[in-house]
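The values are calculated or read from the model by the stated rules, or taken from the named source; none is laboratory data. Just so it is clear, the structure is predicted and the values come from calculations on it, not from any experiment. Side chains included, ligands, DNA and RNA excluded: accessible areas come from the protein's heavy atoms. Shrake-Rupley method; radii C 1.70, N 1.55, O 1.52, S 1.80 Å.
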Amino acid sequence: MRSINKDLTVYKAREFLEQDLPALMRMADRDVTSLSSPQLSWSTSHATGINHASNTLIDHWSADVALEAIHDAAHHIPQFNDEREIFILTYFKHWTSRELQNKFVLSSSTLRRRKNDALVEFAQRLDVQKVDPKHNCDWLHSLVVYYDD
C-alpha cells in the first residue's frame, strides 16, 4: 500500500482551494459559499440575452461538474473531530482561525492538525469523486502526493 505524503498533500490541497477554486467559481459564475450547503443547488446568476461562445459554455459546464465533485468530496469528509465542519467553515465560508478556535474550543495547534487532516481527507475523496460518472471531471489533477511519486 502506498503511503501518503501528508505534508505535500496538505500543501497541494490548500493551494488548490485558495487559488484554483476561486477561478473555477468565477468560470461557473458561482459564489463559494454555495458549496457549504449540504444540498448543492445552482441558481445561476448569468445574464440573459448574451451570446456566449461555445468555449465559454464548455468552460462553464466543466467548472460546474468540477464544483459538484468538490462539493461531494467536501461533504463526504468524516465528521470525526468536527473535521468536515472545520473544512467547510474554513474554505467555503472563510472563517478565521480565531473564530474556529472559539466555536470548537481548540488550541491553535489542535485546530491546525484537524484542518490538515481534513485537507488530506478532501484530497483523497476528490480523487474518488472526479472519476465518478456523474461528475466526469477526471481532468482535475490529483491533490494526493505519495512518497514514491
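A few remarks follow.
- Complete set of residues in the stretch 131-146 that are open to solvent by 30 Å² or more (accessible area, probe 1.4 Å) and either farther than 26 Å from Asn81 by Cα or polar (S, T, N, Q) (or both): Val131, Asp132, Pro133, Lys134, Asn136, Asp138, Trp139, His141, Ser142
- Single residue of the stretch 74-130 satisfying the filter (open to solvent by less than 50 Å² (accessible area, probe 1.4 Å) and part of a loop (DSSP other than H, G, I, E, B)) that is farthest from Val32 (Cα to Cα): Leu106
- Residue within the stretch 26-40 that is among the basic types (Lys, Arg) and either at pLDDT below 80 or in a helix (DSSP H, G or I) (or both) present: yes
- Only one of the numbered conditions (1) modelled with pLDDT under 95; (2) open to solvent by less than 20 Å² (accessible area, probe 1.4 Å); (3) of a type in the set (Gly, Ala, Ser) is violated by Ser43, and that is (2).
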